[in-house]
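Just below is one structure, and these are the notes that go with it.
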Amino acid sequence: MNQPLPEGFLLHGRRPYTVVKPLHSGGFGITYLVEAEIMVDHIPVKGRFTIKEFFPAKAGIRESNMSVTTSPADREFFDLAKQTFLDEANILHSLNHESIVPVNEVFQQNNTIYYVMKYLGETSLEQYLYAQGGFLSEDEALALIDEVGDALRYLHGKSILHLDIKPDNLMMCREGDRLYPVLIDFGQAFFPNSKNTVGGYSRGFSPRELKDPNVHPLPAADIYSLSATLCFLLSGQAPDDAFTLTKGKIYKLLPEHISDHCADAIVRALSANTADRFRSVDDFLAALHGRSVNSTDSPTGDEPSIGGSKTEPVNRTEKTDPVNRTSNTQWAVSGKLPGGISWRTLAYFFLGVIGISVLVSLLMDSDDDPTWTDYPDPAVAETPVSTVAETPASGMKESKLLCEANGVKFNMIRVEGGTFRMGATEEMEEPDSDEMPFHEVTLSPYYLGETEVTQALWRAVMGSNPSYFKGDNHPVEKVSWDDCQAFIKKLNQLTGCTFSLPTEAQWEYAARGG
């Protein structure tokens, strides 16, 4: 979590809201669970709400008084993003649909913007699916998709595209005996007259056009994501990435008992070409239920219609061997564990615990998680980094070297050189563009720190500790790239060794190699 407000902090909208805990953070905001006093039949009771705060992950700085500011270099970006956030918050405040999270009010405090939403609990559609055994029947799944589709019909009628529909962004809300999905997280949405570029891509749920930041998105993008979500509900697995997805893979993923018209509709909605998808959400929902598609409008508004007035059946002979729905291996294939935790997240957790990184925390911007984000210096990307000299007397290659700076000791671990395949792999859900393509890299031997650079080591070298979360054995954070260069220069002077920041290739090689 990126510099959240502390528990107990008071926010002042139409009523006082007390922060209970942060729920999650994204590229442009932090979401909190809050409590406020409300009147029920003239009796004051504590009600729960959700509040989203504008806090851009790459540019926001939390001052000691909890105000949000930014550096002079990021000011123009910060001000533009803040105005966009406010405009979008006001648009969301104007929406009224039971399957879209309601925004109760928008207010400003701490030099930033907040909007208050209904608290929907903490059970996403994905978590609900796992609680139901990992998949739903066709009737159950279509009932949920119909409700989400109705919300999309409402949004598209107002020229709003969500662009991030997936099970994680649908909360299961209960009112009495009724349980229904509610669409949340409009952080990637396109609004009327939006100046945004496409900013997100969810592997398995986003169409390929959302990889292009300059694309003008169409309703067909939301229809693709809605179809992928239905596929997930029926099989317990997300479809393959849009760039590798084929009809055969979709049919293999879908259970055998799914009706032909439902399977054909899913396949068509997941077409790579937007013109081959459905013209509207109504057309998609009609096809799922085996009804005629009556729309004659093109999905893009100017492309020729595809398939006449009825959906074109797809030849299911392309389907390969059926998937065994009772197999526990589904969780491995889907990249998710029961409870919604991804294998990648679990792997990162264990890597963080055993601490294979060193100096990698120095690569962080001040507002980043110091374990998993790295920004290698392009100017030295091909040179050996994080190295120390071999033991000179005997020429032996020690597996571990004990180093010391002003009384603080730290270990460097020898990483044998070799060739490996670097970049985005199949299990990665949302790879960045600079993680592709998958390619071979050859490295010479080098030494990498046993842990991240600790606050104790930083203080011993620099004489200060800038970290927000204090602790001698905690990783240092809130340091800039220039701070890191100054640290390395002093560390080299103190130890007589040669240290530098690890390249991305060196970090990834060590992490993959165990």
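The values are calculated or read from the model by the stated rules, or taken from the named source; none is laboratory data. Everything numeric here is computed off the predicted structure, so don't read it as measured data. We place every Cβ from the backbone using ideal geometry, glycine too, and count neighbours over all the protein chains shown. When the accessible area is computed, the model is the full protein with side chains, heavy atoms only, and any ligands, DNA or RNA have been set aside. Shrake-Rupley method; radii C 1.70, N 1.55, O 1.52, S 1.80 Å.
In sequence order, the range 9-23 has phi-based couplings of 5, 9, 10, 10, x, 5, 9, x, 10, 9, 5, 8, 5, x, 9 Hz under the Karplus curve 6.51 cos²θ - 1.76 cosθ + 1.60, θ = phi - 60°, and Gly or Pro positions carry x. With contacts taken as Cα pairs under 8 Å and at least 6 residues apart, the range 178-272 reaches a relative contact order of 24 percent. Note on the range 1-144: dipole from Cβ charges, positive end direction compared against Leu33, Ala141, Ile91; the farthest Cα belongs to Leu33.
Put simply, when 207-216, 442-451 are sorted by average Cβ atoms within 10 angstrom per residue, most first, you get 442-451, 207-216.
Taking the mean number of other Cβ atoms within 10 Å as a proxy for protection, how do you rank 258-269, 483-494 from highest to lowest? Before the final figure, lay out the partial values.
Numbers: 258-269: 20.8, 483-494: 16.7.
The most tightly packed comes first, giving 258-269, 483-494.
Extending 7 Å from Cα along the Cβ direction at Asp41 and again at Glu76 yields two label points whose distance is 5.9 nm. Carbon-plus-sulfur accessible fraction, the range 121-221 (probe radius 1.4 Å, protein heavy atoms only): 45%.
In a simple Cβ point-charge model (Lys, Arg +1; Asp, Glu -1; nothing else charged), the range 173-232 has a dipole of about 140 debye relative to its Cα centre. Dipole magnitude for the range 196-288: computed about the Cα centre from +1 point charges on Lys and Arg Cβ and -1 point charges on Asp and Glu Cβ, it is near 220 debye.
With bins 5 Å wide beginning at 0, the percent of Cα pairs of the range 54-127 falling in each bin runs 3, 14, 21, 19, 17, 14, 9, 4, 0. Residue pairs exceeding 32 angstrom between C-alpha atoms, taken from Lys118/Lys470; Lys21/Lys478; Lys82/Lys478; Lys46/Lys211: Lys118/Lys470; Lys46/Lys211.
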